[in-house]
Amino acid sequence: MSEREPIHEPAVPLIDEESAWVHEAADRFEHATAQELLGWALDRFHPRMAISAAGGLDGMVLIDMAWRINPGVRVFTLDTGRLPRETYSLFEDIRERYGIQVEFEFPDRLEVARLVQQHGPNLMYRSVDLRVACCEIRKVEPLKRKLATLDAWVAGLRREQWRTRKNIAKVELDRNHGGIVKLNPLADWTLDRVRGYIDEHDVPCHELFDKGFTSIGCEPCTRAVPSGEPERAGRWWWELDTDKECGIHCSVQLLGTKSDGEREAERAGVREEAS
Ligand code: SF4
């Protein structure tokens, strides 16, 4: 696909009717380049579109690509309050290199205070439910607030990253966030291709990648992994039977032990207990 052709879609996404054009767009861009998809999305959604960045290589590739198309591209991050120092250094690098002021979204102070008061600052190691409650307050809820102000968001998800991501489309309807559009321009990229782009374009990188990390998250919940391990193996490494997701891209489920409804009820209980 070398030229952007007009695509017939409604001016404002609608929950039901839009799924048809979103599917059409997903088919249409499946074999397009990431730049072509970003170019189309920037034309259509900017400034009500932003890239989600947490420090990973994929997010940095997207920022570099989008900035080359439109230097005014918006970037946001979820500042959980538990990010490693190196992540803040990267955001400074983004500011210096691209002139992009990353938009920080913070958790609700009172909700964090209640949870920590009740269960301690390192509650995540005690149970999956407490860990998920922490992710919910520090990540999921702030993301909801941010996405309520946007018509589209861009994520660096790739199909090969983890089993929960193998079926993602490049253009999706995000029904968990008001039916806005979610774009995954790197869905079919490999990690080698991501690294190749980074090297070729001298894209700033998170320092922890030089220390054996293969995925970047909160400081207490991410560690380096031996070479050859799956990319997300260092996330919540002590959990052996979860999907290694925080809930912002898909729901967190234990593998085959409990239903979504049961786990959802448990999470609600943990949150109530903390309030
Ligand atoms: S990744 Fe860890 S510290 Fe970060 S929000 Fe989730 S449980 Fe809390």
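Values as computed for the structure displayed
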{"read-out": "Vicinal HN-Hα couplings computed from phi for segment 163-175 (Karplus, 6.51 cos²θ - 1.76 cosθ + 1.60; Hz; Gly/Pro x)", "value": "4, 6, 10, 6, 10, 5, 9, 6, 10, 10, 8, 8, 6"}
{"read-out": "Potential extension, residue 160-residue 118 segment - 0.36 nm per residue separation minus Cα distance", "value": "11.3 nm"}
{"read-out": "Amide hydrogen neighbours beyond the local backbone of residue 103, cut-off 5 Å, H modeled", "value": "75, 76, 77"}
{"read-out": "Full-extension gain in nm, residue 200 to residue 35, via 0.36 nm per residue minus C-alpha separation", "value": "57.9 nm"}
{"read-out": "Long pairs among 144/211; 144/244; 146/211, criterion Cα-Cα beyond 24 Å", "value": "144/211; 146/211"}
{"read-out": "Ordering of 232-245, 98-111 by packing [mean C-beta count within 10 Å, highest first]", "value": "232-245, 98-111"}
{"read-out": "J(HN,Hα) series, segment 190-197, from Karplus relation 6.51 cos²θ - 1.76 cosθ + 1.60, nearest Hz, glycine and proline x", "value": "9, 4, 4, 5, 4, 4, x, 5"}
{"read-out": "Protection proxy ranking, peptides 120-129, 151-160, 67-76, average beta carbon neighbours within 10 Å, highest first", "value": "151-160, 67-76, 120-129"}
{"read-out": "Lysines with Cα under 19 Å of residue 170, excluding same-chain neighbours fewer than 8 positions away", "value": "182"}
{"read-out": "Rounded to whole Hz, the Karplus (6.51, -1.76, 1.60) HN-Hα couplings of segment 200-212, x for glycine and proline", "value": "4, 9, 6, 6, x, 10, 5, 4, 5, 5, 7, 10, x"}
{"read-out": "Separation in nanometres of the label points that stand 7 Å from Cα toward Cβ, at residue 92 and residue 108", "value": "3.3 nm"}
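Readers should treat all values here as calculations from the given coordinates under stated rules, not as data from a laboratory. Quantities reported herein were computed from a predicted structural model and do not represent experimental measurements. Counting neighbours? That spans all protein chains shown, and the Cβs are built from the backbone with ideal geometry, glycine included.
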